[in-house]
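Structure first, commentary second.
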Amino acid sequence: MPSNRSSWITAGHLALITVIACGGGLAPASAQAASTLADPLAEATTTPAPTPTPTPTPSPTPPPAAEDETGTSPEPDEEETVQTLAAAAPVTRSQMIARAKTWKPGTAQRVPYSQTKKHGGYRTDCSGYASMALGLGKPGQITVGLAKSAFTRPIKMSQLLRGDLVIDAIGSNTTRHVVIFDRWANSARTSYWAYEQRGGYGTDYRTRNYGLAAKSEYKAYRALNIREDAPPKPTTVTRAQVIARAKTWKPATAQRVPYSQTKKHGGYRADGSGYVSMALGLAKPGPITTALATSTHTRPIKMTELLQGDLVIDPVGGNTARQALIFDRWADAKRTSYWAYQQRSGYGTDHRVVKHGLTSGTQFRAYRPVRIR
C-alpha cells in the first residue's frame with residue numbers, strides 16, 4: 001500500500017479507470033461502495049439527482065398526399081382542391097358542350113396535352129379538360145376523383161346523354177382516361193362522338209367505343225351538377241307557311257322528290273312523315289307517322305273541322321301501311337273529297353284529290369298540329 005495519501009489516491013484512480021475500460025460502462029454499486037470506503041480522506045459529496053428528460057410528443061403522421069395526373073404530390077393549394085368538393089355551380093348540357101368547344105377540338109388551335117401545364121387555370125390533361133367543361137374548381141379533379149360519388153353517379157351506357165362522362169378510373173395516370181359523351185354515331189349504338197384531351201395530340205372530337213365492349217373498364221357517369229336544358233319554346237307556323245314549305249318539294253312535277261324511307265332531302269326523310277315534318281318545321285329528320293299522331297305534335301279533330309295545313313293520318317299498321325297527308329282544301333261543296341299534299345310510295349311528292357278518312361271503317365283520322373296558327 002502506498003505510504004502517502006497522494007500515492008494512494010493515484011493508485012485508486014488507476015484501478016477505477018481499469019474497471020470502467022473493461023466493463024464498457026459504470027462499475028457495479030458494490031464496487032462504487034468499496035472505492036468510497038478505501039478513501040477515508042475523500043470529501044463527502046452528494047450526487048445530484050439526474051434531471052428527467054421529457055419524452056417528446058410524436059407528431060401525427062400526415063395522410064398521404066393526393067396524387068395528381070402526373071403521379072406526383074400536388075402543391076398544397078392544389079391538394080385541397082383535389083381532396084375536397086368545391087361548390088360547383090349547375091351547368092346545362094349545352095353549356096358543358098359549349099365549354100368543351102372552347103379548347104378548339106380537332107383543329108390546329110387545339111390545346112396541347114400535358115399533365116403538368118395548365119390552360120385557363122385547368123390542367124391540360126383529360127380530367128382537367130372534363131373538369132373545365134363541368135365548371136369544377138381549378139386546376140381540376142383527377143380521373144379517379146371524377147368517378148367518385150362527390151362529383152358523379154354511375155349510369156348505364158344505354159342512358160348516356162350529351163355531356164355525360166365515360167371514365168376508366170382503374171390503373172395509373174398513364175392508363176386512366178375520361179371522355180365527354182356527345183351523341184351516338186349510329187342507330188345501332190356501336191360507337192359515339194366524344195370530346196377528349198388525349199395524350200400526344202390534345203383536344204379532340206372523334207368517334208369512340210369506350211365502354212361498349214364486354215368487361216370494359218370504362219363506365220358511364222352523370223355529373224351531379226349537370227342540368228337538363230330548358231325545352232325550347234315551340235315555334236309557331238302559319239297555315240300559309242305549311243303549304244309554302246310543302247310546295248318546295250315540287251309536288252306532281254318532274255322535279256318532285258322521289259319517295260324513300262332511308263334517303264333524305266334537306267335533312268328530312270323522303271317518306272310521308274318526313275315530308276309532313278318538313279312542312280311543319282319539326283326537328284330533322286322528322287318524327288315517324290305514329291309520333292305525329294301523339295299529343296306532342298297534334299290533337300285529334302273531326303274531319304269536318306279540317307283547315308288548310310291540318311293533317312290526315314293513318315297511324316295503324318306497319319311502316320308500309322301508315323300514311324300522313326297535308327290537307328289543302330275541299331275538292332267539292334259536298335266535301336266528298338279534298339286536295340292533299342303527300343309523299344307517296346312509288347311516286348314521290350304529290351298534290352292530288354283523295355278521300356282518306358271520309359269512308360266508313362277507315363283508319364285515317366283528322367289532326368291539328370299543336371304549333372299551327
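Only residues that are assigned to a loop (DSSP other than H, G, I, E, B), buried (at least 19 other Cβ atoms within 10 Å of the Cβ) and of a type in the set (Val, Ile, Thr) were counted across region 85-124, and they come to 2. One residue stands out among those in region 171-183 that are under 17 Å from the mean Cα position of the chain (by Cα) and more than 15 Å from ARG93 (Cα to Cα): the one that is surrounded by the most Cβ atoms within 10 Å (Cβ to Cβ), which is VAL178.
Quick check on my filter: what residues within region 303-352 are at pLDDT 95 or above, of a type in the set (A, V, I, L, M) and closer than 21 Å to ALA270 by Cα? Passing the criteria: LEU311, VAL312, ILE313, ALA324, LEU325, ILE326, ALA340. Against the test of being without any contact (Cβ under 8 Å) to a residue 60 or more places away in the chain and under 30 Å from ASP350 (Cβ atoms), the options LYS215, LYS263, LYS250 yield a single qualifying residue, LYS263.
Every residue in region 136-170 that is open to solvent by 30 Å² or more (accessible area, probe 1.4 Å), out of contact with any helix residue (DSSP H, G or I) (no Cβ under 6 Å at 6 or more places or on another chain) and touching a residue at least 12 places away in the same chain (Cβ under 8 Å), please. Result: LYS138, VAL144, ALA150, ARG153, PRO154, LYS156, MET157, SER158, GLN159, LEU161, ILE170. Residues that are under 22 Å from VAL111 (Cα atoms) and modelled with pLDDT of 95 or more number at least 3 in the following strands (runs of 3 or more DSSP E) confined to region 149-204: 165-168, 177-184, 192-198. Contact map, region 318-332: first residue more than 23 Å from THR304 (Cβ to Cβ), second residue modelled with pLDDT of 95 or more and part of a strand (DSSP E or B), Cβ cut-off under 7 Å, separation 6 or more or different chains; pairs are ARG322/ASP314.
The rows are residues; the columns are (1) farther than 25 Å from GLY281 by Cβ; (2) touching a Leu at 6+ places or on another chain (Cβ under 9 Å); (3) among the hydrophobic types (A, V, I, L, M, F, W, C).
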| residue | (1), (2), (3) |
| --- | --- |
| SER295 | no, no, no |
| THR304 | yes, no, no |
| ALA333 | yes, no, yes |
| ASP350 | no, no, no |
| THR362 | yes, no, no |
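The values are calculated or read from the model by the stated rules, or taken from the named source; none is laboratory data. Predicted model only: the values in this text are computed from it and were never measured. We place every Cβ from the backbone using ideal geometry, glycine too, and count neighbours over all the protein chains shown. Side chains are part of the model used for accessible areas, which takes the heavy atoms of the whole protein and leaves out ligands, DNA and RNA. Shrake-Rupley method; radii C 1.70, N 1.55, O 1.52, S 1.80 Å.
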